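The values are calculated or read from the model by the stated rules, or taken from the named source; none is laboratory data. Fair warning: this is a prediction, and the values are worked out from it, not measured in the lab. Positions of Cβ are backbone-derived with ideal geometry, glycine not excepted, and every protein chain shown enters the neighbour counts. Accessible surface is based on the protein model in full, side chains and every heavy atom, while ligands, DNA and RNA are left aside. Shrake-Rupley method; radii C 1.70, N 1.55, O 1.52, S 1.80 Å.
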Amino acid sequence: MATIIYSKKITDTKGYKLTSDVLKEAFNEAITINKKLTAYKKRIAYFFIDPLLNSFEAANDFYFNILGCHSISKINTYKSGASPVQTLCDAKELIDEDLYDAVFIFGYDPLLTNKHVYGKNTIQQAMDIFNGKSILECYNLISHRMCEEMGISKEFFLQLTDDLYRNYLKTYVKNTNQKVTYDRGRMLENLKGDLFRMTDCANPNIDFAGGVILANDQTANLITLPYGRVKVSGTKYNMVKGTPESIDKLVGQKNNLFAHLRSSFSAAQEQAKINVFEEFRKGNLCLEVYTCYPPIPLAFLLTTEMVESILELPEFLLNHEITVTGGMNLNRAPWNNSALNSLIEMCNTMIHSGIKYGLVHGNGGIGEIQGVAILEKV
């Protein structure tokens, strides 16, 4: 059994605050765990979620200079928004097949600081992964294609984007006790996003560092866990070709929308041996749907059959929270680390509540990588 024995994050919304000393102090418990497992000669793999900039040495720098590793026999790096789910899937496989006793999964992306250092244009160029066509343009094309397949108007789609944001806002206000003005911002038509407002995309203006540690049962027993354990019951990811020219195939057809997402969800649910819909309706399961750009959370709710029809979405979103964080615009994390932020938040939610299950959804690129992880408190 792959058990999460540690989860923690630290963020900075001002920039320049996450120094080496601050990171070492924040992850002191992880450093201690690493030393203890190394002393017991446990087989450890180290996974890392790459930052947007300066990714070449980022993993080595973090593990050797922050976590204090002296030698590493296996290190993997990951480069998409679905990466945190991919790492869980790969880590679970390594542990279940008794190839490793523990897997460290960390990410560190000082994106806000880098924006100050290198300038906004450098950040935008790094985000230009499709040679001139922005990610926003691609998701806008996906949205139009979904409208065609589902037979809905632009006006109804825009209503759904409002419903999604209200859903996120409700959760965020409840979590933080902050009064947040309902302001959706301007339409993004000038950026070739006629179906989006400012609040429909992520807000990555933050420095973020965080991680989780997975271990097998014997190794987990070496660590004191005051709040119980969370295991990875099921996880799966699938990839399809993701380019602006392949959007029709990526989206699929009305009766088989985002087939790779549906496949990931079905496989994770089968591994976990639960019915996600039933557990969610009974209040036994929390969702953390990937919320950057509306077509992705809408696709998740439709392909997983949380709703039977797209026309049921307004009522569903009014009555059921689809995140534990408040979504990627309000409870932000940068670039590839958004789902890692969600995973850490989900673990904390499960540990400190009566919720038995948690589902974390990951989305990479322009939707071509779809991953689902189901966690269980034991």
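Some notes on this structure:
- Whole-number percent relative contact order across the chain, with pairs defined as alpha carbons under 8 Å at least 6 apart: 27
- Multiplying the residue separation of Y227 and E245 by 0.36 nm and subtracting their alpha-carbon distance yields 1.6 nm.
- Normalised alpha carbon radius of gyration of the range 274-328 [divisor 2.2 N^0.38 Å]: 1.06
- FRET E, pair N255, T32, Förster distance 56 Å, beta-carbon r, rounded to 0.05: 0.60
- Rounded to the nearest 0.05, the FRET efficiency derived from the C-beta distance between E148 and E278 at R0 = 25 Å is 0.20.
- The range 251-318: trypsin sites (Lys or Arg not before Pro) in DSSP coil with no more than 15 other Cβ atoms inside 10 Å: K254, K273, K282
- One equal scatterer on each Cα of the range 11-122, no solvent, Debye formula: the resulting log10 I(q)/I(0) at q = 0.12, 0.19 Å⁻¹ is -0.46, -1.06.
- Cα-based equivalent ellipsoid of the chain: semi-axis lengths in Å, sorted from largest, via gyration tensor: 32, 24, 19
- Measuring max minus min along each principal axis, the C-alpha atoms of the range 324-378 give extents of 35, 22, 13 Å (largest first).
- Surface composition of the range 1-155: carbon plus sulfur atoms hold 48% of the accessible area, using a 1.4 angstrom probe and ignoring ligands, DNA and RNA.
- Annotation for the range 168-224: chymotrypsin sites (Phe, Trp or Tyr not before Pro) lying in DSSP loop with at most 13 further Cβ atoms inside 10 Å of their Cβ are Y182.
- Annotation: extensible slack from K17 through E321 equals 106.2 nm (criterion: 0.36 nm per residue apart, minus Cα-Cα distance).
- Tensor-based shape of the range 257-365 (alpha-carbon gyration tensor, a/c under 1.5 rounded, otherwise prolate or oblate): rounded
- GluC sites (Glu not before Pro) within the range 272-378: DSSP coil, no more than 14 neighbouring Cβ in 10 Å: E305, E308
- Extension gain, S309 back to F156 (0.36 nm per residue minus Cα-Cα distance, nm): 53.7 nm
- Mean-position separation - Cα centroids, the range 279-343 and the range 83-116, in angstrom: 22
- Secondary-structure-derived ellipticity at 222 nm for the chain, considering helices only, amounts to -12000 deg cm²/dmol, per-run term -39500 (n - 2.57) for DSSP H runs with n ≥ 4.
- The range 350-373 and the range 125-191 have Cα centres separated by 19 Å.
- Here the spin labels are modelled as points 7 Å beyond Cα on the Cα-Cβ line, and at Q124 and N177 they lie 4.0 nm apart.
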